[in-house]
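Let me begin by presenting the structure, written as C-alpha cells, before commenting on it.
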Amino acid sequence: MSASHETTARSTTNANANDATTPDRPTAAQATDAPEASARPTATNDLARQLTVAVSAVLAVVGSFIGSGAAGGTPIQDAAGGALAADATPIAPGTGAFSIWSVIYFGLLAYAVWQFLPAQRTAERHRRVGYPVAASLLLNAAWILSIQFDVLWLSIPIIAVLLGVLVVAFLTLLRWRPANALDALVTDGTVGLYLGWVSIATAANVTAGLVAAGFDGWGMGADAWAVVVLAVAGLVGVAIAVRGGGRIAPTLSLCWGLTWVAIARLDGDLLSTPAAVAAIVAVVVVVIATILARARLMLRGEQPK
C-alpha cells in the first residue's frame, strides 16, 4: 500500500472512531430553529391571551356603563367640571357623537367571543393582536376613571397611549389578512372603528385639557386653534387611509366624529363657523383619500380589505 493510501485509511478510521464516540450534534439550521420552536405559543398561552381579552372587554363595558351615568354616577360630559361637554371647546363633538360607543363596545364584545372559537385560537393574527386589544380596553377603563375622579390632566397621557396601542393593533392586522369576511368584520372592522373614533377623541381631549389649564393659545383665537387642530385630525385620517389601503371602518368613525364637531359648531351653545367649515373640509378630504387608496389597490390588482 502506498503512503498516500495508508494516510487516507487512517483518516477514515479516525473519523469513524470520532463518530462512534461523539454524541450527535444539531446542524446549524437545527440550532437556529430550536429556540424558535421552544418559543412557539402553546395551548396554555393561547388560553391565557383569550381570557385576558375577555376579562378586559367586560371591565371596559362595565366602566362604560358607570361612565355613562346609567349606574347613578356622573356622565362623562358632566364630569371633570364639564371639560368634555359639547360646548366646552370648539373641538368638542356634539352629544350625539358618543352613540358610536355602543357600536364599538358591541364589536369588542363580539371579538372577545370570536377569538375563543377553535379556528381563531391558534391563528397568528389573533395571537399578535390579542394583547394590544386587551391593553386598549384596560386603558379605556382607566381613562373613564381619570375623568370620573376629576383628574383631567391624567386623561391626556392615557388617551395618547390608547391611541398608540390602537395604531399598533391596526398595523398588526395589516400584516395578516383576515381568514374570511366575518373575521374582517369582527376584528378589522372593530379595531378600525375604535382607532378612528379615538383619533378625534384624542384631539378633543387634549384641547379640553389645555383650555382647563388656562392655555391662552399664544395670542391665537379659539377659532384659529380649532382650525389647526381639525386640520391635524384630518391629516391623521388621510395617513390612516393611505397606510390602511383605504379601509372603511376608521374613515367612518373619524368622519362621524368630525361631522358631529361641525353640527355642534353650527347649532349649539358654542358656535364657530370656521371650526365647522374646517371639520367639513376634513371629512371631505379623508373620504377622498380613502377612495383613492382603495382605487390604487384595485389598479394594482389587490383586493381592498
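The values are calculated or read from the model by the stated rules, or taken from the named source; none is laboratory data. These figures come from a predicted structure and were not determined experimentally. Because the Cβ atoms are built from the backbone with ideal geometry, glycine has one as well, and the counts that use them run over all protein chains shown. Accessible surface is based on the protein model in full, side chains and every heavy atom, while ligands, DNA and RNA are left aside. Shrake-Rupley method; radii C 1.70, N 1.55, O 1.52, S 1.80 Å.
First select every other residue whose beta carbon is under 15 angstrom from the beta carbon of ALA289; then total the charges, Lys and Arg +1, Asp and Glu -1. Before the final figure, lay out the partial values.
Details: positive: ARG243, ARG247, ARG294, ARG296; negative: none.
Local charge sum for ALA289: +4.
ARG243 label point, 7 Å along Cα→Cβ, cut-off 19 Å on backbone N: hits in segment 170-188?
Within reach of a label on ARG243, which here means backbone N under 19 Å from a point 7 Å along Cα→Cβ, segment 170-188 contributes 170-178, 188.
Counting Lys and Arg as +1 and Asp and Glu as -1, what is the net charge of the other residues whose Cβ lies under 15 Å from the Cβ of SER272?
Details: positive: ARG265; negative: ASP87, ASP223, ASP267, ASP269.
Cβ neighbours under 15 Å give a net charge of -3.
Ignoring any ligand, DNA or RNA, what whole percent of the accessible area of segment 90-225 comes from carbon and sulfur when the probe is 1.4 angstrom?
Values: 4350 of 5930 Å².
C and S atoms contribute 73 percent here.
How do ARG296, ARG127 stack up against each other in accessible area, from largest to smallest, with a 1.4 angstrom probe?
ARG296, ARG127
Once you order the gyration tensor axes a ≥ b ≥ c over the Cα atoms, which shape class does segment 74-212 get: rounded for a/c under 1.5, otherwise prolate or oblate by comparing a/b with b/c?
prolate
What relative contact order, as a whole-number percentage, does segment 138-272 give when Cα pairs under 8 Å and 6 or more residues apart are counted? The partial results should precede the final answer.
On the way: 97 pairs, mean separation 35.9, N = 135.
Rounded, it is 27 percent for segment 138-272.
Give me the net charge of ALA123's neighbourhood, meaning all other residues with Cβ under 12 Å from the Cβ of ALA123; Lys, Arg count +1, Asp, Glu -1. Spell out each step's value before the answer.
Numbers: positive: ARG49, ARG121, ARG125, ARG127, ARG128, ARG177; negative: ASP46, GLU124, ASP183.
Net local charge, ALA123 excluded: +3.
With contacts defined as alpha carbon pairs under 8 Å and 6 or more residues apart, what's the relative contact order of segment 56-151 in percent?
43
For segment 134-208 and segment 226-300, compute the distance between their C-alpha centroids and round to whole Å.
Rounded to whole Å, the Cα centres lie 17 Å apart.
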